[in-house]
Amino acid sequence: MSSVQEMKALLAPKSIAVIGASTKDGSIGNTVVKNLIEGGYAGAIYPINPKAPDILGIKAYASILDVPGEVDMAVFCVPAKVVLGAAEECAKKQVKGYVIITSGFSEVGHEGAELERRVVEVAKSGGGRVMGPNIVGVLLNESKANASFAPSLPYPGKTALISQSGALLISLDMASFVRQLGASSMISLGNMSDVDFADCIEFYAQDDKTNCISLYIEGVKDGRRFIEAGRKAGKPIVALKSGVSAHGAAAAASHTGSLAGSVKVYDAAFKQAHVIRARDLDELLDRSQALALQPPMKGENICVVTNGGGIGVLSSDSAEAHGVPLKTVPVELQAEFKKCMPDFGSAKNPVDITGGAGLKGYEDAIAVALKSDWVHGLAVLYCETAVTQPDEIAEGILRAVKGTGVTDKPIVACFVGGVKCVEAGKKLTAAGVPFYENPDKAMSALAALRQAALFQAEGIADDYAPMKDVDEAAARAVIAAARADGRSVLTEPEAKKVFAAYGLPVGKSMVAKSEDEAVKLASEIGYPLVMKIVSPQIIHKSDAGGVKVNIKDEAGVRAAYKTILANAKAYKADADIHGILLQSMAPLGKEVIVGSVNDPQFGPTVMFGMGGIFVEVLKDVTFRVAPFSPKTAMDMLPEIKSYKILQGTRGEKRLDQEKLSEIISRISQLVSELSDEIAETDANPIMLYPEGEGLAVVDARVILKKK
Ligand code: ADP
Ligand code: MG
């Protein structure tokens, strides 16, 4: 059965049993039954209680095995120590959805984790899926199932909100009414012993009552599935990731027992999963609202119509900060706008119809904007004035939008003012135009809608295809030999063999065991050359005085040989020295670094940055989860702050970004195909040359996984 089919028992249940239903007012077992009744759940409700004949007027059963009909979902409100026994009965009854509200599992430590594992095992043995434990429950507006201890079903709408934190879910449930954040459902994931974000994304991707999937994430468990589910959803997903500060990460980890990955890796994973980012709770809800109510913005031209210069300029600043800068509207369009405003207005963008324009000015300008081919998205800003009524302006906006018949361009509104503005905003939101109380939020909303369109244009298919000209077996042979030697660190020549097997240009190099051999090899390689120490114990060769560059002749080789050996011995007396590496000296280029680490959630990742202080001091790097195509690698390049160097500054030529992208993609393939063996790699530095001249990988490092 597909995950979506299985998830139906949890997200669209036809019947619900409440294990631990109670007659005691205020208890969770009582609240859940009450919530199901008050929410208007139309399916069968089966309270399970060994003593009470009925609960809140509904016939109760001593055991789930006594229930006459089929049971889709069981909500667990019993103490942790009896959950397993109850789960065994549910499995016998072939219950398909386990909603385990009970706490006291993996979040409290090892014993709890073991119990949690066994509960999942039992549930799965009967073909069931487990939500939780340690959750508030599920709130499903479509089935009117408030299978939770949250006060009521949320404000109805088209956002599926999925939260790892339960308390946050309850508060957002209540906040949904204040903000008119319409939810198709609100789900609490808790410990994610079985069902996780990916399962919910897959389900809501195919649910036509849901336009936007909104996530509060502390950490994902299976990063790769998350990326795949997100990308395949083909529908806007917006996420707030907590635990991005060092202290916050520790709090999140102890909260749910899940490890929070590094910020940069999540940044990368979200891009690859087509997940739109939210910086804070407000932005999560603001962006969800826009994505649920409005279509994606298919081009980059935003038009701002305002009656106030101040909020207009603020919107312009915010648009830029959110990555969707305003542009001056074409002159013909300016002429059209000019007709909607007094002489002293401005038609450039923001289109400032001024306080003198009034209701008609708004309606006319909105019509002009929406009908124009140039405009891809519209923000209507309004400052409360004495001569206009917020309510009338809101009506006017809706009338104008309706009048144009345009439905494929997003429109958002922002009113700055008092109570009347808030009231007008409610009307707008209810009619499908998201309302915000400051211009920054309106621009953030449009930026999210733009991002949604960009993801849509990228498509759900991943364009990665492994390169064929690689020799995985050769790479594995090198690794096996090092393992046989009892090592988990490859020397540079070994690492370069692994790199070469994946088509990386590592140049010619050979290891000499004596000074005379070094001289002989030098003449084979040719001058100028570089000599380096080869020792598994000396990972950073320069630190040990183990690198000599630009050696031009035999005398130089002999001198370097002696010095490097002496330096290495002084650095680490017991270092096991394999010899001295000789390699051709690569011409000077711009030094860049490509590296990889294995993330606990997402597996092998690839990092790119400029070498030297850019990476060490400024940490100017960007990541992707491996493997990925050269095109994706190309997208990484502008993400570093020092990108201008790659573009060629001060009369220098643009660097070979095409070759660099190919190499980054090749490294992503290498670390994925060898992910069972490789913990970390580094190509540092890579000498990058001008366009068309390629690059040279001059140093290679491979650290194997501990086995
Ligand atoms: P490590 O990183 O272990 O200290 P490297 O092999 O990276 O040692 O060498 C140190 C520096 O020497 C490099 O950053 C690079 O600037 C230079 N270098 C190393 N190998 C070469 C080479 N083959 N051609 C040109 N420069 C090189
Ligand atoms: Mg190096």
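The values are calculated or read from the model by the stated rules, or taken from the named source; none is laboratory data. Only a predicted model underlies this, so the values are computations on that prediction, with no experimental measurement involved. To get the accessible areas, we keep the full protein, side chains included, count just its heavy atoms, and leave off ligands, DNA and RNA. Shrake-Rupley method; radii C 1.70, N 1.55, O 1.52, S 1.80 Å.
Overall, the accessible surface of region 296-458 at a probe of 1.4 angstrom is composed of carbon and sulfur to the extent of 55 percent.
3J(HN,Hα) couplings calculated from phi for region 357-374 with the Karplus curve 6.51 cos²θ - 1.76 cosθ + 1.60 (θ = phi - 60°) are, in sequence order, 7, x, 4, 5, x, 4, 4, 5, 5, 4, 4, 4, 4, 5, 7, 6, 5, 5 Hz; Gly and Pro show x. Among the protein heavy atoms, those of ASP656 account for about 10 Å² of accessible surface (1.4 Å probe, every chain in place). Spatially, region 121-152 and region 65-87 are offset by 12 Å when compared through their Cα centroids.
Using modelled backbone amide H atoms (1.01 Å from N, in-plane), which distant-in-sequence or interchain residues come within less than 5 Å of ALA145's amide H? For ALA145, whose amide H was placed from the backbone, the distant partners under 5 Å are LEU140. Amide hydrogen proximity for ILE55: with H placed 1.01 Å from N in the peptide plane, the residues at 5 or more positions away or on another chain lying under 5 Å are ALA60.
The largest accessible area among ILE703, ILE678 belongs to the first residue in ILE703, ILE678, and the rest follow in falling order (1.4 Å probe, all chains). Protein heavy-atom surface of region 154-293, 1.4 angstrom probe: 59% of the accessible area is carbon and sulfur, with nucleic acids and ligands not counted. The accessible area of LYS360, taken with all protein chains in place and a 1.4 Å probe, comes to roughly 140 Å². If you roll a 1.4 angstrom probe over the protein chains with everything in place, what fraction of the accessible area of region 1-139 belongs to carbon and sulfur, to the nearest %? That fraction is 53 percent. Excluding ligands, DNA and RNA, the accessible surface per residue across the chain is 40 Å² with a 1.4 Å probe.
Legend: distances between Cα atoms for LYS96/LYS705; LYS619/LYS653; LYS232/LYS644; LYS144/LYS264; LYS338/LYS409; pairs beyond 32 Å are LYS96/LYS705; LYS232/LYS644; LYS144/LYS264. Whole-Hz Karplus values for region 499-506 come out as 4, 4, 4, 9, x, 8, x, 9 Hz, taken residue by residue from phi with 6.51 cos²θ - 1.76 cosθ + 1.60 and θ = phi - 60°; glycine and proline positions read x. A cut-off of 5 Å between modelled amide H atoms, ignoring neighbours fewer than 5 places along the same chain, links ARG129 with GLY97, TYR98. The distance separating the Cα centre of region 201-225 from that of region 30-55 comes to 29 Å. Each part reduced to its alpha carbon centroid, region 490-567 and region 642-669 end up 27 Å apart.
Remark: the chain is approximated by an ellipsoid whose semi-axes, taken from the C-alpha gyration tensor as √(5λ), come to 54, 40, 18 Å, largest first.
Think of it as helices only: each DSSP H run of n ≥ 4 in the chain is worth -39500 (n - 2.57), and spread over all residues that comes to -12500 deg cm²/dmol at 222 nm.
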